[in-house]
Amino acid sequence: MNKTDYLESVKLIQKMAGNSPFVYGTVTAFQKQNRTLKVQMEPTGIETGWCRCLQGAFADKIGLEVLLGRVAMGKTQNYVVLGILE
C-alpha cells in the first residue's frame, strides 16, 4: 500500500470510527515470536498492521475477537490490543 492509499484509509477509519479511541475486531494473523497481531476491524472490515499487545492480551488463534485502543500519532494511527473479548 502506498502512502496516499494509507492516508486515505486512515481518513476512512477516522470517519467511520468517530471519536471513540476503542474498536473491536477479529484476529486474522499472529506472530508468536514478537507477540503481535493483525486484526480485521468491525464494522469497516479494514485490517490493521501488526499490533502490539498489552500483557495477557495476546491471542494465538485466528478468529478470536479482541478490543483495540487507537493511538493517534500525527496523521497516522497505531492500534494496541487491549484484551480478548469473550
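The values are calculated or read from the model by the stated rules, or taken from the named source; none is laboratory data. The shown structure was predicted, so the numbers you read here are calculated from the model rather than taken from an experiment. For neighbour counting, all protein chains shown are included, and Cβ atoms are generated from backbone atoms with ideal geometry for every residue, glycine included. To get the accessible areas, we keep the full protein, side chains included, count just its heavy atoms, and leave off ligands, DNA and RNA. Shrake-Rupley method; radii C 1.70, N 1.55, O 1.52, S 1.80 Å.
What the table shows:
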quantity	calculated
Gaussian network model of the chain, springs between alpha carbon atoms under 10 Å - residue of ALA57, ALA72, ALA29 with greatest fluctuation	ALA72
Accessible area in the full protein assembly, largest first, 1.4 Å probe, for ARG70, ARG52	ARG52, ARG70
Residue-level accessible surface for ASP5, protein heavy atoms, 1.4 Å, Å²	80
Accessible area (Å², 1.4 Å probe, nearest 10) - ILE13	20
³J(HN,Hα), Karplus 6.51/-1.76/1.60, whole Hz, each residue of region 65-73, x for Gly, Pro	8, 10, 9, 10, x, 8, 10, 7, 10
Paramagnetic reach from THR76 (point 7 Å along Cα→Cβ, amide N under 16 Å) across region 31-64	48-52
Rounded D (µm²/s) - region 44-86, Kirkwood Rh over Cα pairs, Stokes-Einstein at 37 °C, 0.692 mPa s	293
The chain: proportion of alpha-carbon pairs further apart than 17 angstrom, %	42
Relative contact order for the chain, counting Cα pairs under 8 Å that sit 6 or more residues apart, in percent	27
Accessible surface ranking that places the most exposed of TYR79, TYR24 first, with a 1.4 angstrom probe	TYR24, TYR79
Using alpha-carbon coordinates, inclination of helix 3-17 to the longest axis of the chain, degrees	80
Lysine pair number, Cα distance threshold 24 Å (strictly under), the chain, separation 8 or more or different chains	11
